[in-house]
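Let me begin by handing over the structure; questions about it come next.
The values are calculated or read from the model by the stated rules, or taken from the named source; none is laboratory data. This structure is a prediction, so every number in the text was calculated from the model and none was measured. Note that each Cβ is placed from the backbone with ideal geometry, even for glycine, and that neighbours are counted across all protein chains shown. Protein only, heavy atoms only, side chains kept; ligands, DNA and RNA dropped before computing areas. Shrake-Rupley method; radii C 1.70, N 1.55, O 1.52, S 1.80 Å.
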Amino acid sequence: MAATVLDDVRRVYRGAWWALVLRGLLSVAVGIFVFVRPLDSIAAFALVIAWWALFSGTVEIVHGIEMRAVMSHWWVMLLGGLVSVAFGIASLVYYPVLSLTFAVVWVAWWLLITGVLGIYVGMRQRQLGLPWGWTIAFAVLGVAAGLFAVLAPPVTLAAIMGLIAGFAIISGLALLVAAFTIRSALHV
């Protein structure tokens, strides 16, 4: 029984390891593209935000309508979808300003809110006699980064793109290592 399962796993990986290679190469290529062509990458990022809002909103509208028979608050899903579609259309009309502003504001609020919550958690940890110093330190750093994000939107956008590029390259390399590790394990 165990040998059969192992054989099945080997057969699946033997036929699919190349998919990891393709994903890894694409991810590395995207990361390099973002670093080499930052303005084109920012323009593409703005389009991704707009089209994602349109797609997500449309799916949410359909889902809300489908839930009408079984959920009394189905209209909340419908409303959320309509807002998302409206944002997507507005993002295309006011391309790229609205999408990029959204990205910067979203990151700024995320940093500010998680920073403030982190300060609260650190204070509670201190009251409970738990280690709290690092919690407070990173929380204050989050609040400072959030304030900086609001005050310096271009730098925030550059940081977002740098993180996307860095993540793409690192995850792409990890996928390539995994693919060739799997391939070499199959030949054993």
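Looking at the square roots a ≥ b ≥ c of the eigenvalues of the Cα gyration tensor of the stretch 4-44, which shape do they give, rounded for a/c under 1.5, prolate if a/b is larger than b/c, or oblate?
Working: a/c = 6.75, a/b = 5.07, b/c = 1.33.
Because a/c hits 1.5 or more and a/b exceeds b/c, the stretch 4-44 counts as prolate.
Go through 98-111, 31-44 and give me the packing order, highest mean Cβ count within 10 Å leading.
Values: 98-111: 18.1, 31-44: 15.2.
Answer by packing, highest mean first, reads 98-111, 31-44.
Putting +1 on Lys and Arg Cβ atoms and -1 on Asp and Glu Cβ atoms, find which of Leu130, Ile49, Ala159 reaches farthest to the positive end of the dipole of the chain.
Leu130
Of the listed peptides 144-150, 67-73, 161-167, what is their order by residue-averaged count of other C-beta atoms within 10 Å, with the highest listed first?
Details: 144-150: 17.1, 67-73: 10.3, 161-167: 15.1.
Highest to lowest by the protection proxy: 144-150, 161-167, 67-73.
May I pose another question? Roll a 1.4 Å probe over the protein chains and send me the accessible area per residue for the chain in Å². Numbers along the way, then the final one.
Working: 12610 Å² over 188 residues.
Ligands and nucleic acids excluded, the result is 67 Å² per residue.
Give, to the nearest whole percent, the P(r) tail of the stretch 63-145 beyond 16 angstrom, counting all Cα pairs. Intermediate values should be presented prior to the final figure.
On the way: 2320 of 3403 pairs.
Value for the stretch 63-145 (Cα pairs over 16 Å): 68 percent.
Determine the distance separating the Cα centre of the stretch 37-58 from the Cα centre of the stretch 142-188; give it in Å without decimals.
Centre-to-centre (Cα) distance: 18 Å.
Can you pull the three principal axis extents for the Cα set of the stretch 99-150, in Å, largest first?
If we take the Cα atoms of the stretch 99-150, the spans are 44, 13, 10 Å.
With the convex hull built on the Cα atoms of the stretch 93-184, state its orientation-averaged projected area in nm². Display every interim value, and only then the final one.
Details: hull surface 37.3 nm².
Answer in nm², one decimal: 9.3.
Along its three principal axes, how long is the chain when you only count alpha carbons? Whole Å, largest extent first please.
55, 51, 44
Continuing with this model, one more query. Would you calculate a helix-derived [θ] at 222 nm for the chain, using -39,500 (n - 2.57) for each DSSP H run of n ≥ 4 and dividing by the full residue count, to the nearest 500? Spell out each step's value before the answer.
Details: 6 runs with 168 residues, N = 188.
Taken over the chain, the calculation gives -32000 deg cm²/dmol.
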